[in-house]
Structure formats: C-alpha cells, structure tokens
1. Inspect all residues belonging to segment 374-381 and state whether any of them is at pLDDT 90 or above, buried (at least 19 other Cβ atoms within 10 Å of the Cβ) and not in a strand (DSSP E or B).
2. Give, as residue ranges, the strands (runs of 3 or more DSSP E) completely inside segment 79-166 that count at least 3 residues that are in the same structural domain as Phe66 (by TED's automatic domain parsing), modelled with pLDDT under 80 and surrounded by 15 or more Cβ atoms within 10 Å (Cβ to Cβ).
3. Within segment 241-255, work out how many residues are surrounded by fewer than 20 Cβ atoms within 10 Å (Cβ to Cβ) and either touching a strand residue (DSSP E or B) at 6+ places or on another chain (Cβ under 7 Å) or farther than 20 Å from Gln292 by Cα (or both).
4. Can you find a residue that is modelled with pLDDT under 75, part of a helix (DSSP H, G or I) and either in the same structural domain as Gln176 (by TED's automatic domain parsing) or of a type in the set (A, V, I, L, M) (or both) anywhere in segment 45-52?
5. Would you point out the residue of segment 239-287, among those that are in a helix (DSSP H, G or I) and among the β-branched types (Val, Ile, Thr), that is nearest to Asn345 (Cα to Cα)?
6. Looking at (1) in a helix (DSSP H, G or I); (2) surrounded by 12 or more Cβ atoms within 10 Å (Cβ to Cβ); (3) at pLDDT below 75; (4) not hydrophobic (A, V, I, L, M, F, W, C), which is the one condition that is false for Tyr407?
Amino acid sequence: MKDMDKVLTEHFTRLHQQAERQVGQLSAVCEMLDLVAIELGGDTNQLLTKLFEIILRHLGTDSLYFKAETPKWQRNISLPLHLHACAAGIPPLNHDEIQQIDTLINNQPDPPISAQTYNLGKQTLAIIPLEAGEYRAGFLAILHHDIAFFTPEQLRFFKLLANELTSILSLLEKQQQLIEETRDKERLCRFFSPEISREILATTDQQYRGKESLATILFADIRGFSHLTEILKPHQIVEILNHFYQTMTRIIFKHLGTLDKFAGDGLLALFGAPVSREDDPFRAVKAAIEMQREWQKRFSIASEDNPAVNIQPAFAVGIHTGKVISGFLGNDELLTFTVIGDAVNTCHRIVSLAEARQIIISGETKATMEQQDNNTSSLSAAIIPYRSAHLLRGMDKVIDLYQVEKYRS
C-alpha cells in the first residue's frame, strides 16, 4: 500500500511539475505577444532585442544569436543580418564565437532540420530554423554552459518559442511590405494615372529605375504670366496656377500620360514613359486639344481692382517625339520621376515658338502618328504646316513644325 502511495505521489508530482512548465511556457508566449501588441510599428531592432530578453529569462539560458537568412529580410524590415543578446552576468559573444556559429548555420541542410545540437567544449549550442511553410526568416542559436541542458523537453520548448518568433517576424515583414506598398502608391499617384500606377506596381521589372525609350513630350506654358502678376493679386495668381495644374493633370491622366513636373507657370507631361503604347503621339495630341478646349471654356478671373475686366489666361502647347532617358530620381524622403535628353530640350524650344492657344507639334511627332496609321481625322482638328526647316534657337538642329488648329469648334 505504501509503495502504491509512493508511486501515485511521484506521478502527481510529475504532473504538477509538467503543468507548471506548461504554464511557464504559455506565460513566455503571452509575454512575447503582449510586447508585440504594444511595440508593433516601432523600431524593429529594439523590438527583437526585447523579445530576446523575454526568451532568455524564460529559458534560463546564457545567450541567443539570430542570423537572417535572406537579403529580402534585410531589405523589407531594415534589420541587421546578425543580432545577439546575453543573460545578466554573461559576457557577449566574441568574434571567434560568432564566426563559429555562422559556419555551423551556413552548413545547415536544406531544408533545415527542426533542431540541431552541438558540443562546443565549454558550451552547448542548439540551432533552430525560424521558418513556417515557405517563409524563412533565418536561424536562432541558443547557447548554454551546461552540456546536459538541452533535454528533449527543453528542445520542444525552444521550438515553441522559435515558432512564435517566426510568426512575429512574418507579421513584421508583412506590415513593412504594406507600409512600402502604401508609400509607393502615394508616390506613383503624384505622377501617373491610376491605370499606369497599377501596371508599375504589378511588375517587378527594374526597368522603371532607368531606361531609354521613345516617348512623346508635351510642354504647356501659360502666356503673358508676368503681366498677370502685375494686374492680379497674389492669391489670384495661386488660384490660376492651382486650377491650371488640376485641370491639366486630370486630362493628362485621362489620356494615360505621365506628369513629369510643374515648372512655375507651365508643366511637362510624357506619353510613352514609363509605360509605352503604340499610340503615344496620338494620345498626346488629343490631350493637348482637350486641354485647350477645357481651359478656354471653363476658366476666367476678374481683376479685384477693376471687376469689369474679365481676364482669361491662355497657354501654348509644344509636342515632340524622340528618345529620352526616364527613371525615378532621389531618395526615400524625396523621390520624383523625370526624363532627360535632347528630345526634352527640343520640345522646350518648340513651345517657346508657340503663341497663346496654339498647339505646335514636331515633324517627328506627325511622322510617328502617320507610321502608326492613326486616323488623325478623329482628332476633330487639322494638322497644317507651321514652319519648315526651322533652326531651333540655341540648338544645332533644323526641324519641321506643324500646327494643330480648328479644334475650337
């Protein structure tokens, strides 16, 4: 009877100890999740360091060492490739120890085994992969001075914490990806129509960072702007420019153009960069016609000094087709899409020749439209010769120019 009592006592003692360990394990997991709920969105490096402190405290081990596996991890979360933490009173890992652990991690089988243990002489090392399905964050190395420390039960606990850490890292990466995608969309919407923005976001092609392509450039420039600044109030000048930019941007995006930049009293738009289409010149001319019609029909402003005087600012448009280099320039804080090249300078010279309400296109634009068999009659306008073999100011270039007219009907 006494033997039976002893057996039952030992059995219930083991159950009690097991329950206490499970409660401790759940406590560690809950503490990690509580920390993530509080710190999510903050500094990732600091969050991971605090998670290490929780794991160290609950494991009772000496050191933890994390090594990221892929450049993707480093890029998406801006985290160092290596990070380690030590329990109180334990010296940090030195260079030779880190190098030894790195070598063992680099020699892990692919796919990695759930847990590997190593005897390092004075310490015992366990290496556990941080992975879930196809997602791999890296490896977690756990070191302890007691060679007999890594029991099967301890390893199961390590795997539990490693799984939770993997889930947290996956969440952080998804959060960062969402932030980057939102930031990219906001940037793109400044320059591109919604359709072109979707095309850029849907591709991983690096060509948008910089490429040479055939594009049609459109310059629009308000005429007599200096005179307007003399007869109108400052807030009226700003009102004119804002209305001009808003109206023109809407029309440019409607015709799948790209807004390159606002330049004082004018703007530069592109058709064919970063996304090219066969009818780029045709859409540029159609956009210019609609821009002129819309502006003449809808906008005028009265002088505050003389309300009887109704002023209708007018602008000119120049269009040219040629090779350009396009791409995103700047950094994360200030990024812009722009084009450079001789074709841009040529278009700027063309618009300087145009008078108010005129649309002047180059012979290259007209020829490209004809080569693509676009039906110019659908423009509801006529394209007539403007100047033949004209030498552009400041450029060693002779060019044929044409005027788009009779679009006011």
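The values are calculated or read from the model by the stated rules, or taken from the named source; none is laboratory data. Note that the coordinates shown come from a computational prediction; the quantities given were computed from them, not determined experimentally. So basically every Cβ, Gly included, is an ideal-geometry build from the backbone, and we count neighbours across all protein chains shown.
1. Start the filter on segment 374-381 by keeping residues that are at pLDDT 90 or above, which leaves none.
Looking through segment 374-381, none of the residues is at pLDDT 90 or above, buried (at least 19 other Cβ atoms within 10 Å of the Cβ) and not in a strand (DSSP E or B).
2. Working: elements: 82-86, 116-119, 124-132, 135-144.
Once the strands (runs of 3 or more DSSP E) in segment 79-166 are filtered for at least 3 residues that are in the same structural domain as Phe66 (by TED's automatic domain parsing), modelled with pLDDT under 80 and surrounded by 15 or more Cβ atoms within 10 Å (Cβ to Cβ), what remains is 82-86.
3. Result for segment 241-255: 2.
4. Here is the first cut: in segment 45-52, the residues modelled with pLDDT under 75 are 45.
Still in the list and also part of a helix (DSSP H, G or I): 45.
Narrowing the set further to residues that are either in the same structural domain as Gln176 (by TED's automatic domain parsing) or of a type in the set (A, V, I, L, M) (or both) leaves 45.
Yes: segment 45-52 contains one or more residues that are modelled with pLDDT under 75, part of a helix (DSSP H, G or I) and either in the same structural domain as Gln176 (by TED's automatic domain parsing) or of a type in the set (A, V, I, L, M) (or both).
5. First, the residues of segment 239-287 that are in a helix (DSSP H, G or I): 239-254, 280-287.
Still in the running and among the β-branched types (Val, Ile, Thr): 240, 247, 249, 251-252, 285.
Working: Ile240: 26, Thr247: 25, Thr249: 21, Ile251: 23, Ile252: 20, Val285: 19 Å.
Going through the qualifying residues, I end up with Val285.
6. Among (1) in a helix (DSSP H, G or I); (2) surrounded by 12 or more Cβ atoms within 10 Å (Cβ to Cβ); (3) at pLDDT below 75; (4) not hydrophobic (A, V, I, L, M, F, W, C), the lone unmet condition for Tyr407 is (1).
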